[in-house]
Every structure is written in C-alpha cells, then in structure tokens.
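Here is the structure we will look at.
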Amino acid sequence: MRQSAYLNENFIRKTIAVLKPNNKLFEVRILGGGKKTIISGYFKDADTLVQALDRIDARDKNIYITLNCIKDELYSRMQHDKFLQVSQTTSDTEIIGYEWLFIDLDPVRPAGISSSEAELTAAKETASKIYLYLKTLGFSEPVKALSGNGCHLLYKIALRNTPENEELVEQCLKALAELFDTDQVKVDTTNYNPSRICKLHGTLAQKGANTEDRPHRMSRIFSAPNVIEQTDIAFLKKLAESAPVQQNPPSTYKGESFDLLKFMADNGITYGKTSTAKDSTVYLLDECPFDSSHRDGDAKIFQYSNGAIAFKCHHNSCSEYRWQDVRQKFDPGCYDKPVYTDFDARIDAGWQQHNRNKSSAELLYTKPVITNEAEMFRNAQQIAEDAEPEKEYVASGITEIDQKLHGFAKTEVSVISGLRSSGKSTLLGQLILNAVEAEHTVICYSGELNNKKYLNWLTLQAAGHNNIQRSAIYENSYFVPEEKKKMIYQWMGDRFWLYNNKCGNKFTEIASTLRNVITQHHADICVIDNLMILELSGLPGDNKYDQQKNFVLELKQIAEDTNCHVLFVAHPRKSSGFLRLEDVSGSGDIVNIVDNAFIVHRINHDFSKRFTEEFGAAKAAVIDPNASNVIEIAKDRENGTQDYFINLFYDEHSKRLQNAKDENVLYSWDSTLKDGFQNLGIFETNPFQEEAD
C-alpha cells in the first residue's frame, strides 16, 4: 500500500479479520478533504478493500466502516468493490441487526482538532474503568482499539434491528455516560443507531492541523480475543438498568434544610474530585461508605439539578446500594419506613465477618455431656437462663437459600439429593468457592472424581466466563489459562482441603481424620460427595440402612463437636413419580436426622410434566421457563420451609448455576478487582509503534 502515512495495510487487514470475518458485507465511507462529498464502497474482503484504498488520496480524509450486519442486496449498489462519490449509503432500515456494542470515549476539546497526549491518556483511563465495570457485570472480553484521538471498546452482541433493541443500546450508552462521564472525557451516546459508522482502524485520524501538541495518529485495534465471545442480551439489560437511581432526600437534616455537602462533611464522606454531567454534579468519593477498599472514585454521589440525589459504587458487592442506604447509614430513621424489609447481603456479610473474627479458642465448641440426674430435666426459667453460643452461619451464595435459612448454620447437617446429572456437584463447587471467598475454610471429600479432575472443575468455576478461553480443538470446551490457574490456587490457599482418594474410602477411618482436620484448620464447612461412594461396613448396624443412619448420626456429632456445617450428597432411589424427600436413598432415618434437605432438579420435559402432576398448574408458575435447574428446599428444621423451589440458571462457559441469567460473580483472586479502577494498564501507554502484525 503506497500511502503508508495515512493508511496501514496490516492494521486494516486485522480490523477486517476481527470485525468482519468470513466475507461479511460492510461499507467503508470516506469523509473530508475540504469537499462536502461522501465517497463510499461496499466490500466483502480485505484484499479488495486494500486495493480500492490504494487508489484513493487519503490526505485530509477520515475513513469509517459500518459495524453492524447489513443486507446482502446492498452489495449490488454502484459502489460494489470500489469507491464512488455517491449520495446513497447504508441507512438504519438496511441494517439486519446489531453485531457490536460500540463504546467511544472521546476527550473533551474544541471541535475540529486532534487530542493532546494528556487528553488521550484521560480517555484511556476512562476506557479502563468502563472495561472493568462491564467485566464485573458479566460482559465478554471486548475488542480494544484507539481511534487516534480517543478509545474504542467493541463488544460482540447479536440483536435484531428493532425499535426495542435500538432503545436498549441507547440506554446502555446513556447509563455508561451517567456513570463515567467526566469534565475531560465523555461517552458518545449518539452511537446507538443501527447504521452507525466507526473509524476504520488502520487509517489516520486527521482532525485539524497535524501539530506537535495535537498530532494526527494512526488508529488501530491492539487487543482482541482469539475467540470473540458474544455478550448475551441479559447483560445488556443489566447495564441499561445500572444507571444511578435518583431519589429525593428527606427535606430536613438535623432540624435544618437538607444540604448535601454539609451532610457529607458531618459524616466524614470525603471526595477528591467532582465532575459535571448533563444534569448533575458528580462527587468522586475517596472511599465507599460501605466498603473502604473501594477507593479513588469507585463510589460516586450524584446531585441532580431537580434536587434528587443518587449513589453508585461500581463494585459488585455494593451494586445494590442506593442513596437511601447512604442516608440511612448515617442518619438512621430519617425515612418513614425501614429501607430493608427482608434479609439482604449486608446481613450475610455480617455473619461472614463475625465468623472471621472468631478466635481459635472460640471456633471449637464441644457439646457438653450431662451426667448429673438432677440436670436431666429442667423447667422453663432454668432453660431461659442457659448460656448458649451465638448461632453462626455460612452464606451459600444462593440468594433465596440465604434469605430463607440465613445460610448454612454451624453445628448442623444438610443433605443434597437429585437425579443423575441434575447439577449436584456443580452446585457444591459453587458453595465451596463462595465459602472460600468469604474467608471460610472448607474440608472436602469427593469419591467420584480424582483430585486433579475435581480441582480442574473448581478452577473453571472460580475463573468465571470472563477469564476462560474456548478450546480450539474441542467443541463447547473451555479452559483456564495456566497463569490464571496459579492465581486461583494461591487465592484458595489453605482455605480449601481435598481428601486424597488414594487413602481409601472406609468411613470409620476417614471420620477420625475429618475431626482432626476440621479442628486443625478451624473449618466452617465440610463437604462429602457422596454417601454411596463411602464404605460404611465398619459402622454399627445389621444392614446398610442402619449403617447409613449411623453415618449421618456420626456426621451430626462431628458438626456439633467441631462447630462446623456438614453437607453431604445422597443419591435417590428410583422413583416413578416426581422426586420427593422420601426418595432419598436409604432409610427414612437419613432425612429425619438431618437439619436441612435440598433436592436439585434439572428442568426438562419430564420434570415439567411431573411437577405439574404433583403440584398443579398454579404452583408450576413458579418455575421460570428460562431456568435450567431448580433447587428445592425440602426440609428446613429451624424455619419450617418446605416445597420451596428456587430457579437457577446454568452458564455453560464457567459451569456455574447462577441466581440469575445475568449474574456474574467475580472472585477476589482476580488482581484487577483489588485496586479499583486506577492504573489498570488496560490500554497500553504507546500502542502505536511501527510494527508488522
């Protein structure tokens, strides 16, 4: 290509390979040159495009490409495989659907000039913040590019061209603008229409004069995944709904008219910077009121011109907090009714913190044995005066289980059952990881999988779909890169211990070791997967059912003696109807002894049919048609919950069962989550070195 000062052939070829592979039709549009003309061409491959560009004088011109899927018949226009001066280009009605969510971060500067280095750096910083925020929401890895003056993030999507989807894309961009716009950098909220064009990466950005302070720069894609995963519409909707929620504060504070700055000063809510958005002043807080590790502008307070106020922290763990929560935290009772009427994540966090703060001596609670006959029966007053250890819980991470049961209570035993391939082991993996994330220690026995396979499964779940790669060999197969595996292993550290299956499966020998290991590591959860793999012959009893009963009694004693929650899997007997609690394998004593019982169901035609037969059409309405699995609370000794069904959603990439289709739990092994949004290095400092891709 002759015009290397204005066009970089290698960069252009990479752009087409990434954005328009497999001979997809696209339009390239050339604007500028001092004439109010449009030069356009339709192409299907990089070779033809490069040849056509080689015949164009690109000086003082800016070159763009259509991003979304256009109708094939447009290839029959006059500008087929060549550039012509035309009046007819791709319109919104000629777009079949959206292929990309186009996020353009443009520095604020006078019109008609290029950006300075400082302005470009500010755009990189904002792009890095948005990249990490969307990662926490569940977005797949984007294509990252420099436009020459600012930054582009391009997320692969698949939406039909409908008014509803156009509005969704618009709301996504508006939400990002409200969350991340600063006085220096803005999100371009006009990039929502279907026929929107984007800088053709590999062409020179030529705005204004090419000066030392504001040079013309070559645009380019510098980062793209080997396999570009599509971001599901559920995550787009989640983004569209993530804009700060405006709330009107009570009109008074300490007997005077409410003043936001006074309220912040009185309560030690400090901020380092402010910025202005379209309708608001944004205060970038030094630290989040709910988590002091969320610093340097991760949390923001918005004051709108209409008097409303909003609060937003960009971290998942604080995503549910609103301005009303901030006000309540520092000014309790300021609202007429309580903000929270149900169990929420903060109670959850409180239990976790309580458990973490226990001293080693307090962690071991041994059930006393009463031998004095006078103490064997006691009246109500005596019972009421008994000192009892405070009940401790380990949150499961399954929202409705934690709401109904408060999590898994220590000193108790739970059984999980379900048909083959219903998702029992998948669920257990997540329970283990959620406990590790909350700094609990887990002791695990898995008789079905060898240690390596079990660890690989857990590692995939811990990575999540943001941090895995698709196999180039096997279809629908994903793996965790080695460098990320090492980070996950380090994160798990001494909080996860897996039994070595080479040591045998005789329970009478394993039981004493379990006690010792739980005590030694102050474990909070013990997981046994599963009952049927263990050899129970050494336990008392004339048959296997008596031995299974004594197995559960022994688990019960271990849980009480070590202040641990024991969770085990028991397969059901064959059942001709809908799987019920009484179908759990063994004698009925198993489900009578345990404190909690759960049944995992896989949603398919057989499940739907039998569920309706068992509970009726009205009850069947609780099953979400988009869910993949259901976990049933079949027994809850403390609260009495039963026949309660919780919808779960399977993510084939990370092998997780999620509370919602758009859930994206990111565990803290990922170092990019620990330092907020500053200095992430997502956009390299100087990506425009002369190089051949």
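The values are calculated or read from the model by the stated rules, or taken from the named source; none is laboratory data. The shown structure was predicted, so the numbers you read here are calculated from the model rather than taken from an experiment. Note that each Cβ is placed from the backbone with ideal geometry, even for glycine, and that neighbours are counted across all protein chains shown.
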Mind checking whether some residue in region 342-349 is at pLDDT below 85, crowded, with 21+ Cβ neighbours inside 10 Å, in a helix (DSSP H, G or I) and out of contact with any His (no Cβ under 8 Å at 6 or more places or on another chain)?
yes
Within region 505-535, the residues that are farther than 20 Å from I432 by Cα and either in contact with a Lys or Arg (Cβ under 7 Å, 6 or more places away or on another chain) or not assigned by TED's automatic domain parsing to the domain that holds S446 (or both) are E535
Flagged in region 396-429 as in contact (Cβ under 8 Å) with a residue 60 or more places away in the chain and part of a loop (DSSP other than H, G, I, E, B), in numbering order, are G397, I398, H406, K410, T411, E412, L419, R420, S421, S422, G423
Test: residue in region 187-208 that is in the same structural domain as P110 (by TED's automatic domain parsing), buried (at least 21 other Cβ atoms within 10 Å of the Cβ) and farther than 17 Å from L31 by Cβ = yes
Of (1) surrounded by fewer than 20 Cβ atoms within 10 Å (Cβ to Cβ); (2) within 26 Å of the chain's Cα centre (by Cα); (3) under 14 Å from I269 (Cβ atoms), Q328 satisfies every one except (2)
>> Please determine whether any residue of region 116-126 is crowded, with 24+ Cβ neighbours inside 10 Å and either β-branched (V, I, T) or free of Cβ contacts under 8 Å to residues at least 24 places away in the same chain (or both).
In response: yes
Margin query: When you scan region 415-424, do you find a residue that is modelled with pLDDT under 90, surrounded by fewer than 23 Cβ atoms within 10 Å (Cβ to Cβ) and within 19 Å of H653 (Cβ to Cβ), even just one?
Written below: yes
Only unsatisfied item for Q88, checking (1) under 30 Å from L168 (Cα atoms); (2) within 41 Å of the chain's Cα centre (by Cα), is (2)
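Conditions tested, residue by residue: (1) surrounded by fewer than 22 Cβ atoms within 10 Å (Cβ to Cβ); (2) in contact (Cβ under 8 Å) with a residue 24 or more places away in the chain; (3) touching a Ser or Thr at 6+ places or on another chain (Cβ under 6 Å); (4) of a type in the set (G, A, S).
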position: D57; (1), (2), (3), (4): yes, yes, no, no
position: K61; (1), (2), (3), (4): yes, yes, no, no
position: Y64; (1), (2), (3), (4): yes, yes, no, no
position: K71; (1), (2), (3), (4): yes, yes, no, no
position: L74; (1), (2), (3), (4): yes, yes, no, no
position: R77; (1), (2), (3), (4): yes, yes, no, no
position: D92; (1), (2), (3), (4): yes, yes, yes, no
position: I96; (1), (2), (3), (4): yes, yes, no, no
position: A111; (1), (2), (3), (4): yes, no, no, yes
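Confirm whether L567 is buried (at least 18 other Cβ atoms within 10 Å of the Cβ) and either under 19 Å from S425 (Cα atoms) or in contact with a Leu (Cβ under 6 Å, 6 or more places away or on another chain) (or both). Outline the logic, then answer.
Numbers: buried (at least 18 other Cβ atoms within 10 Å of the Cβ): yes; either under 19 Å from S425 (Cα atoms) or in contact with a Leu (Cβ under 6 Å, 6 or more places away or on another chain) (or both): yes.
Judged against the criteria, L567 is a match.
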